[in-house]
1. If you build a Gaussian network model of the chain, linking Cα atoms that sit under 10 Å apart, which residue out of ILE88, ILE72, ILE15 swings the most?
2. Over the Cα atoms of segment 14-88, each weighted equally, I'd like the Debye log10 I(q)/I(0) at q = 0.24 Å⁻¹, rounded to two decimals.
3. List the pairs from LYS82/LYS132; LYS93/LYS142; LYS89/LYS136; LYS13/LYS148 whose alpha-carbon separation is above 22 Å, in the order I gave them.
4. Would you mind classifying segment 84-156 by shape? Square roots of the alpha carbon gyration tensor eigenvalues, ordered a ≥ b ≥ c; an a/c under 1.5 is rounded, otherwise it is prolate if a/b is larger than b/c and oblate if not.
5. Would you kindly find the accessible area of VAL130, with a 1.4 Å probe and non-protein molecules such as ligands, DNA and RNA excluded, rounding to the nearest 10 Å²?
6. Leaving out ligands and nucleic acids, note down the accessible area per residue over the chain with a 1.4 angstrom probe, in whole Å².
7. With springs only between Cα atoms under 10 Å, which of PRO108, PRO86, PRO57 fluctuates most in a Gaussian network model of the chain?
8. Whenever you get a sec, line up ASP68, ASP152, ASP84, ASP101 from highest to lowest accessible area (probe 1.4 Å, protein heavy atoms).
Amino acid sequence: MDNAFFAILSRMKTIARWGLMRGTRQENLSEHTLEVAYLTHALVSLGNQRFGRQLDPGQAVLYALYHDCSEILTGDLPTPVKYDNPAIKEAYKAVERVAADKLLTMLPPELGEAFAPYVREELEEELLAVVKAADKLSAHIKCVEELKAGNDEFRL
């Protein structure tokens, strides 16, 4: 099944986000991923320039590009469900690990090692924290956009 990885990545544009909310505009996983990559680059750059960090922006952006790719196989589980209960959180992390491993089997063998740290989220904690912050900023931006469009459902 190797070589199917890039074909399955193209499914990101068909995976809807915000399943529990009625939005004024549908957002897909591909759009979200790109926005998180942009925000990650900005956060790493600001951290390096203003706070003397020495994070690799390329590594961070690569992680951002793959941070939700397991959702191609699992779908987008809403955050309140995913993180509300420690047992559900651990079970979902296990599901994400299985999905990540499945995706990696779709790569030619010579690429698996290069992609594994990003698909499996096996990077240094500081980079992971920046991408998670960018992910939260992306969600905040979506909420602001919905509120500006008059959608009070995002006022929670």
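The values are calculated or read from the model by the stated rules, or taken from the named source; none is laboratory data. Predicted model, so just to flag it, every value in this text is computed and none were measured. Cβ placement follows ideal geometry from the backbone for every residue including glycine, while neighbour counts extend to all protein chains displayed. With ligands, DNA and RNA removed, areas are computed over all heavy atoms of the protein, side chains included. Shrake-Rupley method; radii C 1.70, N 1.55, O 1.52, S 1.80 Å.
1. ILE88
2. Results for segment 14-88 at q = 0.24 Å⁻¹ read -1.04.
3. LYS93/LYS142; LYS13/LYS148
4. Prolate, since a/c reaches 1.5 and a/b exceeds b/c.
5. Number for this one is 10 Å².
6. Here the residues of the chain average 60 Å² of exposed surface.
7. PRO86
8. Greatest to least solvent exposure: ASP84, ASP152, ASP101, ASP68.
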